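Right, one structure below, let's go through it.
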Amino acid sequence: MIPASHPLTDVAAKVHAGERLSYDDGVRLAESHDLPVLGHLAHVVRERLHGDKVYFNINRHINPTNVCYVGCELCAYADDPNAEGTWSYSPEECVEMARRDFLPGTSEFHMVGGLHPRWKFPVYVDILKALKAAFPQVHLKAFTMVEIDFLAKIGKMSVPECIQVLRDAGLDSCPGGGAEIFDEEVREQIASKKMSSDRWLEVAGLVHDAGLKSNCTMLFGHIEEPRHWVDHLVRLREQQDRSGGFQCFIPLAFHPAGTKYAHLPGPDMTTKLKVIALSRLMLDNIPHVKAYWVMLGREVAQVALRFGANDLDGTITDERVTLAAGGSAGKGMSLDDIQAFIRKAGLTPVLRDTLYNELTNAV
Ligand code: V47
C-alpha cells in the first residue's frame with residue numbers, strides 16, 4: 001500500500017484496478033525515484049498473473065558465428081571474418097558442440113548469430129536441419145527478427161516464404177533480440193545500420209501470423225533516457241495487440257566493453273530494477289518478464305524476481321554475446337543453483353519448456 005499523498009497514487013489505483021497505463025503514466029513511473037513503490041506495484045501484477053512461480057528451463061545457447069557485417073555500435077561482435085577471435089561453425093560443428101556438453105533434460109537450443117557476409121541462405125537452413133536431426137526432442141528457438149529479414153533477403157524470398165522454409169528445416173520459435181531501442185534518434189546512434197524499428201515490429205507480426213511464438217527485448221543502460229523505455233514498451237504493447245505472439249519480454253542490460261560505447265559504465269542496480277518493474281507494469285498483454293541473469297548479474301536478477309520478473313531463462317550453457325562485451329555473471333548455472341536461487345527469494349521454481357508448458361518430472 002502506498003500513502004494517499006504519494007505522487008503515484010492515481011497510477012497505483014489503475015494498477016490495482018487492472019487498467020492499462022498510458023504513456024504519460026509510464027513516464028511518471030520511469031522518472032520516479034521511489035524504487036520500493038515501483039517494485040511493490042510490479043510485484044502485485046506479477047502475483048496476479050503467476051502467483052509465486054518463477055519459470056526456468058534447461059537450455060543451451062548456440063552462436064554459429066560472431067561475424068556480422070552490420071557492425072552495430074552497441075555490439076562487441078566482429079564485422080571482419082578474418083579478425084582475431086571470430087568463429088564460423090559448420091552445421092556438423094554446431095551439432096558436435098551441442099553434443100559435447102548436452103545436459104539431460106535440455107528442452108531448448110537458443111540459437112542466434114551474426115549476419116555473415118559470406119554465408120549463403122542454405123548454410124543457415126542446414127544448421128537448423130542438422131540440429132533437428134541430431135536432437136529431435138529439443139525446441140529450436142532461433143533467429144531474431146533481424147536475422148529473419150536478412151535470411152529472406154539472401155534467400156531471395158518474402159519473409160512469410162522464408163519463415164516457412166525455416167520451419168520445414170526445424171525452426172520452432174524465435175528469440176527476442178535485435179529490438180534494441182525503437183526511438184529512431186537513439187537507434188541511429190547505437191545501431192545505425194540495423195533494420196528500422198518499424199521493420200522489426202513488422203517482421204515480428206509476420207512471425208506471429210505464421211503461427212510461431214517469439215520473444216521481445218529492449219537494450220537499456222546506454223545513451224537512452226527513461227522516456228525512450230516507455231516509448232519502446234508502448235510500441236511492443238501495440239504490436240502485441242495486433243499480432244499476439246510475444247510470450248516474454250527480456251530487458252537487456254547494456255554491457256559496454258568492446259563496443260563503441262566502451263567509455264560508458266553500463267546500467268546501475270537502480271536502473272535495472274526500475275526497468276524490470278516498469279516493463280511488468282506497462283506490458284499488460286505480454287505474459288512473462290524475464291530476469292536474464294547473464295546480463296543483469298545474478299544478484300540483481302534475484303531481486304528482480306520481486307520487482308515484476310517471473311522467469312529466469314535457464315541453464316544457458318555457453319553464452320557468448322554478453323561474454324564478448326565484458327559480462328561477468330558466468331557461463332552457466334546448474335539446475336540445483338537455479339532452484340536454490342529462486343527459493344532463496346521466497347518463490348517457487350517451475351521447470352518449463354520454451355512455450356511455458358510446465359514440466360513436472362523431467363529432471
Ligand atoms: O540481439 C548485443 C543484445 C541480444 C550487447 O529471446 C547486447 O529468450 C547487452 O536477445 N550488451 C542477444 N546486450 C540476447 C537476446 C536474448 C537473450 C536471452 C534470451 C532471449 C530470448 C534473448 O543482446 C542482441 C542485442 O540486442 N546485445 N550486444 C551488449 N553489448
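No lab work stands behind these numbers, since they all come straight from the coordinates. Predicted model, so just to flag it, every value in this text is computed and none were measured. Note that each Cβ is placed from the backbone with ideal geometry, even for glycine, and that neighbours are counted across all protein chains shown.
Please check: in the Gaussian network model of the chain (C-alpha springs, under 10 Å), which one of Asp353, Asp284, Asp268 has the largest mean-square fluctuation.
Greatest mean-square fluctuation among the candidates belongs to Asp268.
Over the chain, what portion of Cα pair distances is larger than 37 Å, expressed as a whole percent? Let's see the in-between values first.
Working: 9263 of 65703 pairs.
When every Cα pair of the chain is considered, 14 percent fall beyond 37 Å.
Cα centroid distance between region 100-160 and region 69-89, in Å?
Each part reduced to its Cα centre gives a spacing of 18 Å.
Decide, for region 84-133, between rounded, prolate and oblate: order the square roots of the alpha carbon gyration tensor eigenvalues as a ≥ b ≥ c, take rounded if a/c falls under 1.5, and otherwise choose prolate if a/b is larger than b/c, else oblate. Could the numbers behind the result be given before it?
Details: a/c = 2.15, a/b = 1.56, b/c = 1.38.
Here region 84-133 falls in the prolate category.
Name the residues whose placed amide hydrogens come within less than 5 Å of the amide hydrogen of Lys213, ignoring near sequence neighbours (fewer than 5 apart) on the same chain.
Cys174
What is the gain in length, in nm to one decimal, between Thr270 and Lys129 on full extension, counting 0.36 nm per residue of separation less the C-alpha to C-alpha distance?
Working: separation 141, 0.36 × 141 = 50.76 nm, distance 4.31 nm.
Roughly 46.4 nm would be gained on extension.
If the chain between Arg100 and Asp168 were fully stretched, how many nm would it gain, using 0.36 nm times the residue separation less the Cα-Cα distance?
Working: separation 68, 0.36 × 68 = 24.48 nm, distance 2.59 nm.
Computed gain between Arg100 and Asp168 is 21.9 nm.
Karplus couplings for region 255-267 from phi (6.51 cos²θ - 1.76 cosθ + 1.60, θ = phi - 60°), rounded to Hz, Gly and Pro as x?
After applying 6.51 cos²θ - 1.76 cosθ + 1.60, I find 10, x, 4, x, 9, 6, 10, 4, 7, 7, x, x, x Hz.
For His139, what residues show an amide H to amide H distance below 5 Å, using hydrogens built from the backbone and excluding near sequence neighbours?
Glu108, Phe109
If pairing requires two Cys Cβ atoms under 4.7 Å apart, which cysteines of the chain are left without a partner?
Cys68, Cys94, Cys162, Cys174, Cys216, Cys248
Given R₀ = 25 Å, what would the calculated FRET efficiency be for Asp34 paired with Glu299, taking r from the Cβ atoms and rounding to 0.05? Walk me through the intermediate numbers first.
Details: r = 21 Å, r/R0 = 0.86.
Here the calculated transfer efficiency is 0.70.
Starting at the first residue of region 350-360, write each ³J(HN,Hα) from the Karplus equation 6.51 cos²θ - 1.76 cosθ + 1.60 with θ = phi - 60°, in whole Hz, x for Gly and Pro.
The phi angles translate into 10, 6, 10, 9, 4, 8, 6, 6, 7, 10, 7 Hz.
Within 10 Å, at most 15 other Cβ atoms, and a DSSP state outside H, G, I, E, B define an exposed site. Report the longest part of the chain free of exposed trypsin sites (Lys or Arg not before Pro). Mind showing how you got there, number by number?
On the way: sites that count: Arg20, Arg118, Lys120, Lys156, Lys193, Lys331.
After excluding every exposed loop site, the longest remaining stretch is 194-330.
So who's got an amide H within less than 5 Å of the one on Tyr292, skipping anything under 5 residues away but keeping other chains? H placed 1.01 Å off N, in plane.
Excluding prolines and chain starts, which carry no amide H, there are no hits.
Go ahead and estimate [θ] at 222 nm for the chain from helices alone: -39,500 (n - 2.57) per DSSP H run with n ≥ 4, summed, over the residue count, rounded to 500.
Numbers: 15 runs with 156 residues, N = 363.
Calculated mean residue ellipticity at 222 nm is -13000 deg cm²/dmol.
Could you give the longest part of the chain that holds none of the GluC sites (Glu not before Pro) found in DSSP loops with at most 12 neighbouring Cβ atoms within 10 Å? Could the numbers behind the result be given before it?
Values: sites that count: Glu19, Glu84.
After excluding every exposed loop site, the longest remaining stretch is 85-363.
Between His263 and Ala340, what length in nm is gained on full extension when 0.36 nm per residue of separation is reduced by their alpha carbon distance? It would help to have the intermediate numbers written out before the result.
Working: separation 77, 0.36 × 77 = 27.72 nm, distance 3.58 nm.
Gain in length upon complete extension: 24.1 nm.
Got a sec to turn the phi values of region 187-196 into Karplus ³J(HN,Hα) couplings, 6.51 cos²θ - 1.76 cosθ + 1.60 with θ = phi - 60°, whole Hz, x for Gly and Pro?
Couplings: 4, 4, 8, 10, 8, 5, 9, 7, 3, 6 Hz.
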